[in-house]
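Novice: Please find one structure pasted underneath; my questions will follow.
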Amino acid sequence: MNMLHRSDWFGPSLLGIALLLIGSPWMLGYDNDYAPAATAWGMGALFFLLGGVSLLGWRSWAEAGALTAGAWTALAPVILGFFQNQAATAAHLAAGVAALALMAIEADWTRQDPPEMRV
């Protein structure tokens, strides 16, 4: 029986973050505000792509991309100047911090159980 490794959740988790971020402008009512909505849709699409890349086996690319995309998503409200929109700021901050937390957990697990030593 082939069991999933403990880090096989990384790709699906990125896909979940992507779907929530893409839907957040409509769910939280900031779809008429161009900068935060476009950023949510664009970064959501990038997280979706990274989740798919991870599922295809290119995990190192997905991890590096998730680190960069997570940091940008968390900082976007300040950098792009839409921090006054509380709903958009909360959505971007939550998605960015979640991606960074996933990356930290994945890096820690990979350090504890390097890929070449997995059975």
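The values are calculated or read from the model by the stated rules, or taken from the named source; none is laboratory data. Remember, predicted model here, so these are calculated numbers, not experimental data. For neighbour counting, all protein chains shown are included, and Cβ atoms are generated from backbone atoms with ideal geometry for every residue, glycine included. Accessible surface areas use protein heavy atoms only, side chains included; no ligands, DNA or RNA. Shrake-Rupley method; radii C 1.70, N 1.55, O 1.52, S 1.80 Å.
Novice: With a 1.4 Å probe and every protein chain left in place, tell me how much accessible area Val78 has, in Å² to the nearest 10.
Specialist: So the heavy atoms of Val78 present about 110 Å² to solvent.
Novice: If you don't mind, another one. Kindly report, to the nearest 10 Å², the accessible surface of Ser60 as traced by a 1.4 Å probe over protein heavy atoms only.
Specialist: Taking all protein chains as shown, Ser60 has close to 80 Å².
Novice: Quote to one decimal, in nm, the extra length available between Gln86 and Leu49 on full extension: 0.36 nm per residue of separation minus the C-alpha distance between them.
Specialist: 10.6 nm
Novice: In nm, to one decimal, how far is the Asn32 label point from the Leu19 one, both placed 7 Å along Cα→Cβ?
Specialist: Result: 2.9 nm between the two label points.
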